[in-house]
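Here is the structure we will look at, set down as structure tokens.
We did not get these values from a lab; they are worked out from the coordinates using the rules stated. From a predicted model like this one, the values you see are computed outputs, not experimental measurements. A quick note on method: Cβ atoms are made from the backbone with ideal geometry, for glycine too, and the neighbour counts reach across all protein chains shown.
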Amino acid sequence: MHAYANPTRFLSLARPLTPWLLFGGMALVAAACAWGIFSTPPERLQGDSVKIIFVHVPMAWLGMAGWTGIAIASLSELIWRHPLASHAARAIAVPGALFALLCLVTGALWGRPAWGTWWVWDGRLTSMLVLFFLYLAYIVLANETSKASGRSRIAAIFGVVGIVNLPIIRFSVEWWETQHQGTSISITGKSTIDALYLWPLLVSAIGFSLLFAAIVLMRMRASLAETKVEGRLKRMAAE
Amino acid sequence: MKAKHQRLTLAVLALLALVGAGLLAAFALQDRANYFYTPADIVAKKPPAGQAIRLGGMVEEGSIQHEADGVTVNFVVQDGKARQSVMYTGITPDLFVEGSGVVADGKLTSDGMFIADSLLAKHDENYVPRELEGIDMTGKMTKTETLVE
């Protein structure tokens, strides 16, 4: 766990990895979207509006994966005092919030033609909106507390507590009657989404995941560089 | 090492308490977080006539009947356990077809009819290409084998 605790060692890995993730992710997303938009047939009832799924579902998954990352980083900050953890959690928060927002926006765009409304207050939509607000709150809290000092712990505790929302989002469509449809994609059972849509969706999800990882690495590098500058300025002032 | 273990134990305990609280809250919400009543719910605990409720379920096959005025539609919502007759006046969403899901805002009349003020279509978890269903938007039957391959 502490093998990459040393920022120099982390940077020596992150630096060459970033362009691969970034350009690989961009290529996969472009390919998956072209595939999904131009070569998949209209859906039985939704028609062409089904094609927003190639963006909407990866945004939802990564919005949730992002908070999982924040919670893991926060735990390792609280328990093991991992020196990179607070940088990682803060780096994830902004793309996480963006992806959650894009999930809500693409969902609304789809909901208008498919359901007949932009928005309803059902379990799934509301819990996803709560996730977006949690991200905003985390960003504010993290910016108010310094990365290095013990006060960062407040943000870390919030990062751990927020994970309660993730099973609520995931199971909202099973626990409660919702406007949102149930789960279509299953790893263990049979998926109820036709393979013609499933494959471009999976490629798109991998592509967006690589992009997300690239953004996180870039933000972590920037955050580490900032800390370094602050340290240097402090030493210069002391001399 | 000692402090690290102490923190780990604390964190595990806190997480357990957190998950427990979350589950309890979700359990307590069970009924009230439902976005709509199903026909079976209405049979089980009939809401008073005139009270605004939301009804959801599947549009029964062969039940959609358009009235002579052209904007009023009668249909039956079922959930496999119970049935509920619905009357709605207005423009129906594109996905409103027999055998598909629907969510209706409205109220029950004293004779057990559900008068809907608004209709939302509900998509289910099945994503099927139109070609495989043989349904075309223009109403023509089209079977395109090329896309099935």
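Summary of values
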quantity: Inter-chain shielding of A:171-177 (mean C-beta neighbours from other protein chains, 10 Å cut-off); calculated: 5
quantity: Highest-fluctuation residue, A:Ile169, A:Ile53, A:Ile154 considered, GNM on chain A with Cα pairs under 10 Å; calculated: A:Ile154
quantity: Hz values of 3J(HN,Hα) by residue in the range B:70-80 - Karplus curve (6.51, -1.76, 1.60), Gly and Pro given as x; calculated: x, 10, 9, 10, 10, 7, 10, 9, 10, 10, x
quantity: Chain A, helix-only ellipticity at 222 nm - DSSP H runs n ≥ 4, -39,500 (n - 2.57), divided by all residues, nearest 500; calculated: -26500 deg cm²/dmol
quantity: Centre separation in Å (Cα based) which lies between the range A:67-125 and the range B:1-72; calculated: 22 Å
quantity: Which of A:Ser191, A:Met128, A:Ala213, positive extreme of dipole for the range A:98-239 (C-beta unit charges); calculated: A:Ala213
quantity: Cα-Cα over 26 Å, subset of A:Lys51/A:Lys190; A:Lys228/B:Lys2; B:Lys45/B:Lys81; A:Lys190/B:Lys45; A:Lys234/B:Lys2; calculated: A:Lys228/B:Lys2; A:Lys190/B:Lys45; A:Lys234/B:Lys2
quantity: Span-rule helices in chain A, defined as complete DSSP H runs reaching 15 Å or more along the axis (Cα) with Kyte mean at least -1.0; calculated: A:7-38, A:53-80, A:85-114, A:123-144, A:195-238
quantity: Exposure rule at most 14 other beta-carbon atoms within 10 Å, DSSP loop trypsin sites (Lys or Arg not before Pro): chain B longest free segment; calculated: B:82-139
quantity: Mean separation of Cα contacts under 8 Å, 6 or more apart, over the residue count of chain A: relative contact order %; calculated: 33 percent
quantity: FRET efficiency for A:Val140 and A:Leu11, using Cβ-Cβ distance with R0 set to 30 Å, rounded to 0.05; calculated: 0.60
quantity: Likely footprinting exposure, B:Val86, A:Val140, fewest C-beta neighbours within 10 Å first; calculated: A:Val140, B:Val86
quantity: Peptides A:107-115, A:64-72 ordered by average Cβ neighbours within 10 Å, highest first; calculated: A:64-72, A:107-115
quantity: Rg and Dmax of the range A:1-47, Cα atoms only, in Å; calculated: 18.9, 54
